[in-house]
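Accompanying notes for the structure given below.
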Amino acid sequence: AQTVTQSQPEMSVQEAETVTLSCTYDTSESDYYLFWYKQPPSRQMILVIRQEAYKQQNATENRFSVNFQKAAKSFSLKISDSQLGDAAMYFCAYRTPESTTDSWGKLQFGAGTQVVVTP
Amino acid sequence: DGGITQSPKYLFRKEGQNVTLSCEQNLNHDAMYWYRQDPGQGLRLIYYSQIVNDFQKGDIAEGYSVSREKKESFPLTVTSAQKNPTAFYLCASSIDEDGDYSNQPQHFGDGTRLSIL
């Protein structure tokens, strides 16, 4: 079974600074997908960024970028130029292709990291 | 605007009572999902459905039931068999692109908070 581990319950960052959230996962699959979701106080889940395992290039979305290390099974999220609106719970998620026999493409979430942004 | 609508926002259940959480989407998505979120934890999958009239159990289906009679709707019933129903419930959907949902992000509703009276 796949597991997703986020070892940092909370991270604090000052406005305009950079913060990196860690995520590791356990899998025996070679093809899969990784996602970072943001959950602000409103509790809505918002997709931040996604990465396909077969792509070596790290995904970027404006101020958000990932460091995907497939061999180490690591998928960290870097938030640059942090803004007050970035304050939220961030979840790392893993998903296998639908064709995987022991999985239908289920999304597996980590426990989350709370990001606190200070002025 | 397209999106996912969950209702009600807050729901209270009396002991022994079944309650139903509504989830409607107008995104024309094929797949729909129900998750449960407990404090300090990530989301856990309750049920999912890839097509109308078909659904599958997730990791924590005991004490819950669903139906998928229409593409747009995927209601979740929390039965009296669910002894610890207090949680935040999220509904999500994703599109079937070439029969594979895997690379598609899931879109989420705003959630329903269920508490026991």
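The values are calculated or read from the model by the stated rules, or taken from the named source; none is laboratory data. Keep in mind the model is a prediction, meaning the values are calculated, not measured. Cβ sites come from the backbone with ideal geometry, for glycine too, and all protein chains shown count toward neighbours. Side chains included, ligands, DNA and RNA excluded: accessible areas come from the protein's heavy atoms. Shrake-Rupley method; radii C 1.70, N 1.55, O 1.52, S 1.80 Å.
Yes or no: segment A:79-91 includes at least one residue that is away from chain B (no Cβ under 14 Å) and assigned to a strand (DSSP E or B). Quick ask: steps written out before the conclusion?
So in segment A:79-91, the residues away from chain B (no Cβ under 14 Å) come out as A:79-87.
Pick out the ones that are also assigned to a strand (DSSP E or B) and you get A:79.
Scanning segment A:79-91, I find at least one residue that is away from chain B (no Cβ under 14 Å) and assigned to a strand (DSSP E or B), so the answer is yes.
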Query raised in the report: What's the number of the condition residue B:16 fails, among (1) assigned to a loop (DSSP other than H, G, I, E, B); (2) in contact with a Ser or Thr (Cβ under 6 Å, 6 or more places away or on another chain); (3) within 11 Å of chain A (Cβ to nearest Cβ)?
Result: (3)
Report summary line: In the set B:54, B:38, the lone residue that is acidic (Asp, Glu) and in contact with a Ser or Thr (Cβ under 9 Å, 6 or more places away or on another chain) is B:38
Requested in this report: Quickly run through segment A:1-19 and pick out the residues that are in contact with a Leu (Cβ under 8 Å, 6 or more places away or on another chain) and not charged (D, E, K, R).
Outcome: A:6, A:8, A:11
Requested in this report: Scan segment B:59-86 and report the pairs whose first residue is on the phi > 0 side of the Ramachandran plot and whose second residue is open to solvent by less than 30 Å² (accessible area, probe 1.4 Å) and of a type in the set (A, V, I, L, M, F, W, C), with Cβ atoms within less than 9 Å and a gap of 6+ or a chain change.
Outcome: B:63/B:78
Report task. Take segment B:1-53 and flag every residue that is open to solvent by 50 Å² or more (accessible area, probe 1.4 Å), modelled with pLDDT under 90 and over 15 Å from residue B:107 (Cβ atoms). Result -> B:14, B:15, B:16, B:39, B:40, B:41, B:51
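What are the residues in segment B:69-95 that are more than 14 Å from chain A (Cβ to nearest Cβ) and not polar (S, T, N, Q), if any?
Initially, segment B:69-95 is screened for residues more than 14 Å from chain A (Cβ to nearest Cβ), giving B:69-86.
Scanning segment B:69-95 gives B:69, B:70, B:71, B:72, B:74, B:75, B:76, B:78, B:81, B:83, B:85.
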**Report entry** Of all residues making up segment A:6-59, the number that are more than 14 Å from every other protein chain (Cβ to nearest Cβ) and on the phi > 0 side of the Ramachandran plot
**Finding:** 1
**Report entry** Candidate set: segment A:20-32, residues that are touching a Leu at 6+ places or on another chain (Cβ under 9 Å) and assigned to a strand (DSSP E or B); chosen: the one surrounded by the fewest Cβ atoms within 10 Å (Cβ to Cβ)
**Finding:** A:20
Query raised in the report: With A:48, A:66, A:4 as the choices, which residue is touching a residue at least 60 places away in the same chain (Cβ under 8 Å), touching a strand residue (DSSP E or B) at 6+ places or on another chain (Cβ under 7 Å) and surrounded by 12 or more Cβ atoms within 10 Å (Cβ to Cβ)?
Result: A:4
Query - Number of positions in segment B:93-117 that are open to solvent by less than 40 Å² (accessible area, probe 1.4 Å) and modelled with pLDDT of 80 or more - result: 9
Report summary line: residue A:54 passes all but one of the listed conditions (1) in contact with a strand residue (DSSP E or B) (Cβ under 9 Å, 6 or more places away or on another chain); (2) at pLDDT below 95; (3) not in a strand (DSSP E or B); the exception is number (1)
